[in-house]
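Reading through the structure tokens given below for one structure.
Taken together, the values in this text are just the output of simple stated rules run on the coordinates, not laboratory data. All of these numbers come straight from a predicted model, not from anything done at the bench.
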């Protein structure tokens, strides 16, 4: 029954792709927020560069609060994609949590 295994792998690939897309976007949003809210010392790079360069960022479009809300919603969606995998996905869930808690 090779076709059953192939279908499951396709479904797994879709789930993991959505997980990756969601944590990647959340990481970028949090990075944009930290560029505004953290110090250069905390970031290990020059803070405020995006604002000074007048870059379009999530906070510049949505504001800080909405940007944070969206980032955490994306992280929850990412972790929800992993639910069918139970304990096998603990490390991937930990990555999402790390991204949500980062301060630099």
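Points worth noting:
- A straight chain from residue 52 to residue 36 at 0.36 nm per residue would run longer than the Cα-Cα distance by 4.7 nm.
- P(r) tail, region 7-100: Cα-Cα pairs separated by more than 17 Å, 55% of all pairs.
- Each stretch of four or more DSSP H residues adds -39500 (n - 2.57); spread over every residue of the chain, this sum gives -24000 deg cm²/dmol at 222 nm.
- Rounded tilt (10° steps) of 90-101 against the dominant C-alpha axis of the chain: 20
- Highest-MSF residue in the chain out of 83, 66, 41 [GNM, Cα springs under 10 Å]: 41
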